[in-house]
Amino acid sequence: MTADSVGLVHFLKCVPAIARGMTIIVQPVWCRELLKSRIPPKFSFVHPEYEEDPDEATKMMHRKNIIRQSVFLSIKDMKALRNGLPPYFQKSSMFEIVTACVWIARTLALEIDPNEIVKLICVVNARGKYQFNLPDGYYGNALIFPAAISKASVLCQSPLAYAVKLIQKVKARVSEEYVRSVLDLLAYNKGQISIHNSWKFIASDTSLAGFTEVDFGWGKPIYGGPLVVAISFYTSAYARFKNSEGEVGMVVPICLPPQAMARFREELFKIIYSPRSSPHPSML
């Protein structure tokens, strides 16, 4: 991936500025050497996000005849999700809460074998963190993909707080050394490893990337087209959205087989409005 969403927004803001004869406030910079691998490489962490699935060939059926749809979550829906969590989870980010809900609903919708291991990959941006000193105008890719792991049966039978806690734990693991370990792993394998397989799901949030601030001289953008390229069976990129009734919320694109799609919507709103009992803190 050449650039992440923040880098793409940097580029998109520079183009209209040049076209309109305006001054570029944040100058674009290259500086790719700031995220280079070490010699010799040092693998300080286990990276399950890049582990291959030996049974991947048997799961191809789940990627056939898939359809793309989007689910709109209103402010009311998101408040209901948060209110269904125990008091000690009330400071969780909305990304963590929504992603936990989507992960559970997707796993239920696909009717995955209860004994299978499922992985949720959170997209974490290294910009402004650790000691990489990435400049503001850096328009490359600074994304890291740590994975939360659970047995399918445990994920689907546990309260929402269980999945939220898994996501928080895996995000907390990302440190400067973790990022450098990833860089070394990717360089060592010459980029020939993938984070895609059937029971992995990658969630990211583009709502704060700044796409709504790009102005080519005709005003702020209203619609940018469907996220067809960015969304696959494995991925979802959330975005802010205002529906036809003027209601502001979050849109969650999802890609599933038709029957699983219907189950996904049902399970998603069941989690939102019929929360399971909260676990004892010792379970978390």
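Being in a loop (DSSP other than H, G, I, E, B), without any contact (Cβ under 8 Å) to a residue 24 or more places away in the chain and closer than 27 Å to residue 30 by Cβ is a property that residue 140 lacks. Looking only at the stretch 256-275, residues that are crowded, with 18+ Cβ neighbours inside 10 Å and either without any contact (Cβ under 8 Å) to a residue 60 or more places away in the chain or assigned to a strand (DSSP E or B) (or both) come to 1 in all.
Scanning the stretch 176-219 for residues that are crowded, with 19+ Cβ neighbours inside 10 Å, hydroxyl-bearing (Ser, Thr, Tyr) and touching a strand residue (DSSP E or B) at 6+ places or on another chain (Cβ under 7 Å), we see that the one that is nearest to residue 123 (Cα to Cα) is 204. Which residue pairs have Cβ atoms closer than 9 Å, lie 6 or more positions apart in sequence or on different chains, and pair a first residue in the stretch 106-133 that is over 20 Å from residue 93 (Cα atoms) and free of Cβ contacts under 8 Å to residues at least 60 places away in the same chain with a second residue that is assigned to a loop (DSSP other than H, G, I, E, B) and of a type in the set (Ser, Thr, Tyr)? Here the result reads 130/175, each pair linking the stretch 106-133 to a residue that is assigned to a loop (DSSP other than H, G, I, E, B) and of a type in the set (Ser, Thr, Tyr).
Values in this text are rule-based calculations from the coordinates and carry no lab data. All of these numbers come straight from a predicted model, not from anything done at the bench. All Cβ positions, even for glycine, are placed from backbone atoms using ideal geometry, and neighbour counts span all protein chains on display.
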